[in-house]
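In what follows, a single structure is set out as structure tokens and then discussed.
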């Protein structure tokens with residue numbers, strides 16, 4: 001009996017040694033390698049790469065959201081691919097190609113649904129987040145842009161050609177209810193939901209202004225804010241479409257990249273009027289608020305896409321300029337804002353900066369990196 005017990009204990013010990021290390025997911029994230037159809041898994045505590053997953057298709061305009069428990073990443077590819085990746089086991093859980101051309105997606109408030117936004121054939125498709133079973137689709141007849149999740153298991157998005165904002169209530173995912181707002185402005189190109197989940201804001205490419213919807217009172221429709229902000233001025237050629245994603249709200253103010261201008265516009269949420277214009281180096285692409293709301297970090301289109309400028313919210317001016325590398329595409333903060341991760345496509349690198357000192361604290365190799373998505377930040381597309 002003693003011998004049997006000893007053998008059993010040895011077997012248990014061997015099994016324990018061979019078992020994978022137990023870890024949480026709160027400090028994990030992914031870096032998109034846009035040219036190779038691959039994502040790199042990273043962890044922010046030690047600022048290292050811990051693995052990669054191949055076979056994700058065309059990632060030239062990829063976006064990522066995370067499951068409620070932050071174990072799975074949902075990767076939306078430009079080729080219409082939707083891939084569920086297991087972060088702990090570093091593998092593809094399931095992959096489908098759900099359209100011909102896609103531009104992003106969102107996950108519902110309760111984490112049960114994933115919605116993919118499509119250019120071709122347009123519209124959105126709603127999937128079960130566990131199995132990726134198609135539950136329903138909402139055709140629009142136009143390219144879908146600026147999709148975000150909103151309270152009440154709703155998805156909000158804009159349509160580029162038709163100039164509309166749609167609110168889809170997916171509480172009954174096989175029979176969603178749709179509210180369609182027409183004539184909201186010319187060529188909406190992106191949108192986001194404010195951190196409190198109340199307002200959806202769409203930027204307009206075809207005219208100076210923004211479309212605003214109060215999600216508490218969607219029956220009131222959309223209203224135009226910052227209308228004619230470039231009146232009387234000749235707009236510059238646009239070398240890269242700006243983006244509104246990325247926590248653009250800091251307290252009472254919302255910071256927005258101006259289309260065809262070397263300015264960041266500041267919108268006051270108390271009266272929805274212009275509060276300031278901040279001159280910046282070039283045409284802004286992302287204006288991202290650092291957690292805590294003290295600073296806004298801005299990157300730029302060509303020819304200034306090797307720079308990042310930092311705006312002090314209280315002073316409403318640029319206080320720092322960094323040069324992380326060539327072709328800066330994306331910035332992402334750790335949940336409490338002590339680090340910012342910045343992708344430099346043409347240097348095949350991701351630079352990590354200490355946000356208190358502006359010192360570079362790490363540099364990771366990645367092949368043509370673009371989007372960076374950290375688990376406790378990127379899953380929050382809306383609120």
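Laboratory data are not the source of any read-out in this text; all were calculated from the coordinates shown. Small disclaimer: the values here were computed from a predicted structure and weren't measured. Glycine also receives a Cβ, built like all others from the backbone with ideal geometry; neighbour counts cover every protein chain displayed.
Percent of Cα-Cα pairs more than 29 Å apart in the range 94-249, please. Numbers along the way, then the final one.
Numbers: 1863 of 12090 pairs.
The calculated P(r) of the range 94-249 puts 15 percent of pairs beyond 29 Å.
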statement: Quick calc: nm separation of the 7 Å Cα→Cβ label points for residue 312 and residue 357 -> 2.0 nm
- prompt: By how many nm would the segment from residue 277 to residue 101 lengthen if fully extended, with 0.36 nm per residue of separation less the alpha-carbon distance?
  reply: 59.8 nm
- prompt: Where does each of 149, 110 land when they are ranked from fewest to most other beta-carbon atoms within 10 angstrom?
  reply: 110, 149
field: Helix axis angle, 2-18 relative to the chain longest principal axis, alpha carbon, degrees
entry: 20 degrees
- request: For the range 280-383, just say rounded, prolate or oblate: build the C-alpha gyration tensor, square-root its eigenvalues into a ≥ b ≥ c, call rounded for a/c under 1.5, and beyond that prolate if a/b exceeds b/c, oblate if not.
  value: rounded
Gaussian network model of the chain, springs between alpha carbon atoms under 10 Å - residue of 315, 307, 49 with greatest fluctuation: 315
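What FRET efficiency do you get for residue 54 and residue 220 if R0 is 35 Å and r is their Cβ-Cβ distance, rounded to the nearest 0.05?
Working: r = 48 Å, r/R0 = 1.36.
Computed FRET efficiency for residue 54 and residue 220 comes out at 0.15.
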- line: Burial-style ranking of 324-333, 83-92, average other-beta-carbon count within 10 Å with highest first, yields 324-333, 83-92
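Per residue, how much space in cubic angstrom lies within the convex hull of the C-alpha atoms of the chain?
Details: hull volume 57.9 nm³, N = 383.
Cα convex hull per residue, to the nearest whole number: 151 Å³.
Most exposed first by the Cβ proxy, i.e. fewest other Cβ within 10 Å, how do 54, 268 rank? Intermediate results must be reported in sequence, preceding the final value.
On the way: 54 10, 268 14.
Arranged by neighbour count, lowest to highest, 54, 268 become 54, 268.
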message: I want to verify a result. In a Gaussian network model of the chain, Cα cutoff 10 Å, which of these has the top mean-square fluctuation: 50, 342, 372?
response: 50
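What Kirkwood Rh does the range 125-209 have if only Cα atoms enter the pairwise 1/r average? Answer in Å. It would help to have the intermediate numbers written out before the result.
Working: mean 1/r = 0.0752 Å⁻¹.
Value: 13.3 Å, from the Cα pair sum.
What number, rounded to the nearest 500 deg cm²/dmol, is the helix-based mean residue ellipticity at 222 nm of the chain, given -39500 (n - 2.57) per DSSP H run of at least four residues and division by all its residues? Write out the running numbers ahead of the final one.
Working: 2 runs with 21 residues, N = 383.
When only DSSP H runs of four or more count, the value is -1500 deg cm²/dmol.
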